[in-house]
Amino acid sequence: MKKVLSLDIGGTNTRAAVIDENHRILECKILPTVRGSVDGFLDNVKKTVLGLSSLEGVLAIGGGVPGRVRRDGFVYALPNVGIESIPVSRYLESEFRLPAYIANDAEVAALAEANLGAYRNASSLYFVTVSTGVGGALTVGGKLKETSYEVGHSVFKLDGKYIEFEKYASGEGIRRIASSLGLEVGDARALFELVRRGDPLALNVRDKWLDLLSSFFNMVKKDYSPEVFALTGGVTKSSDCFLDGLMALCPGCDIRLCSFKEEAGLQGGAVYAFQHLE
C-alpha cells in the first residue's frame, strides 16, 4: 500500500496526516502554527510530523501553505504567519529524506475537488475560496495549470477606482463595503443576517459585493472557460443569501459549492504528492 505525508499549514493550525493511495487518512496530528519566526515555524512543522507514528513506508510529502510558492517549494511569504523567505520543501527534504512538494493552499484544495470531489469528472475546474481572503486555482484534467498566484491581489475597478480584489470581495471586504455605504456590521455573517431580514441597506451592500464578485467569475470564464466553478470559504455558510444572485450575474458559469470542507487541504496535499510520484 502506497502512502504519503500530507501537510495543511494555516495561519492558526498546522496539520499533518499519513494518507494512503485510496485517500484514507490513516493518522492525523494537529498543532498550533508558530508565528513570527522562520526557524520556529519550520521546527513546529517538524514537531507536528514527528507526532505521527505511521511514517514508515511514506514515499513523499505534499502540502499547502497560505502564501505565494515557487514550484520548487520555496515560500516567498506567509503574511498570516508573519514570516517570509521560507525554504519549506528544502527543509522537509533535508529533515525527512523524502521528496517534498509544496504549493499554495488554494491550489492544493483545488486538486482535492478536481480529483476526489463531487465534480471530479469535470474536464476542468476553477476553485474559488472567499473567506478572510480570496484564493483561486485552475485545474485541467485534474492537474494544476499556471494562471496567477494569489488571485485575491488582482486589480479590479470599483466605483471608478482601481482596488485590490480581495480587499472588497472577501468576507472582511463585505464589512468594508457596508461601512462605505453607512452600515456598520461586525462581519459578513452579521450582514447576511440582515439580508435575511430584508434590510434594504444590507441588500444594497450584498448586491454591490455580488457585482464585484461576479466580475471576477466572468473574467475567469472568459479567459479559461472552466467546466465547473467550485466555491468554498466562510461566506458560503450564507450561500442561501447570495448564490442564486451570483449565478444570475454569471451566465454560462456553472457555480457549485465545494464538496470538501476541513479535509480539502490534507486530501489535496496527498493528491499533489501522488501526482509527482506518477
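The values are calculated or read from the model by the stated rules, or taken from the named source; none is laboratory data. Note that this is a predicted model, so its numbers are computed, not measured. A quick note on method: Cβ atoms are made from the backbone with ideal geometry, for glycine too, and the neighbour counts reach across all protein chains shown. SASA here: full protein model, heavy atoms, side chains in, ligands and nucleic acids out. Shrake-Rupley method; radii C 1.70, N 1.55, O 1.52, S 1.80 Å.
Selection within the stretch 30-65: residues that are of a type in the set (A, V, I, L, M) and in a strand (DSSP E or B). The member of this set that is surrounded by the fewest Cβ atoms within 10 Å (Cβ to Cβ) is Ile30.
Could you look through the stretch 254-264, keep only residues that are of a type outside the set (Val, Ile, Thr) and modelled with pLDDT of 95 or more, and pick out the one that is surrounded by the fewest Cβ atoms within 10 Å (Cβ to Cβ)? If we take residues in the stretch 254-264 being of a type outside the set (Val, Ile, Thr) and modelled with pLDDT of 95 or more, then Leu257 is surrounded by the fewest Cβ atoms within 10 Å (Cβ to Cβ).
Looking at the stretch 86-113, I want the residues that are closer than 18 Å to Phe274 by Cα and free of Cβ contacts under 8 Å to residues at least 24 places away in the same chain and have a partner that is open to solvent by less than 10 Å² (accessible area, probe 1.4 Å) and assigned to a helix (DSSP H, G or I) with Cβ atoms under 6 Å, at least 6 apart or on another chain. Which pairs are those? The qualifying pairs do not exist here. On the given criteria, is Tyr119 closer than 19 Å to Glu263 by Cβ, touching a His at 6+ places or on another chain (Cβ under 8 Å) and not in a helix (DSSP H, G or I)? The answer is no for Tyr119. Taking the stretch 66-80 as the range and being open to solvent by less than 10 Å² (accessible area, probe 1.4 Å), out of contact with any helix residue (DSSP H, G or I) (no Cβ under 6 Å at 6 or more places or on another chain) and either more than 17 Å from His153 (Cβ to Cβ) or in a strand (DSSP E or B) (or both) as the test, the residues that pass are Val69, Leu78. In the stretch 254-278, which residue that is of a type outside the set (Val, Ile, Thr) and assigned to a strand (DSSP E or B) is nearest to Cys28 (Cα to Cα)? Only one residue tops the list, namely Leu257.
If you go through the stretch 91-108 and keep only what is open to solvent by 10 Å² or more (accessible area, probe 1.4 Å), part of a helix (DSSP H, G or I) and within 16 Å of Arg68 (Cα to Cα), you end up with Asp105, Glu107. When Ala114 is tested against (1) closer than 16 Å to Gly265 by Cα; (2) surrounded by fewer than 23 Cβ atoms within 10 Å (Cβ to Cβ), just one condition goes unmet, and that condition is (2). The criterion of at least 2 residues that are open to solvent by 30 Å² or more (accessible area, probe 1.4 Å) and more than 17 Å from Thr132 (Cβ to Cβ) is met, among strands (runs of 3 or more DSSP E) falling completely within the stretch 153-253, by 155-158, 161-164.
Taking the stretch 125-152 as the range and being small (Gly, Ala, Ser) and either buried (at least 17 other Cβ atoms within 10 Å of the Cβ) or in contact with a helix residue (DSSP H, G or I) (Cβ under 7 Å, 6 or more places away or on another chain) (or both) as the test, the residues that pass are Ser131, Gly133, Gly135, Gly136, Ala137, Gly142, Gly152.
Would you say Ile9 is closer than 16 Å to Asn80 by Cβ, of a type in the set (A, V, I, L, M) and under 20 Å from the mean Cα position of the chain (by Cα)? In short, yes.
Modelled with pLDDT of 95 or more and of a type in the set (D, E, K, R): is that true of Lys221 in this structure? So Lys221 passes the test.
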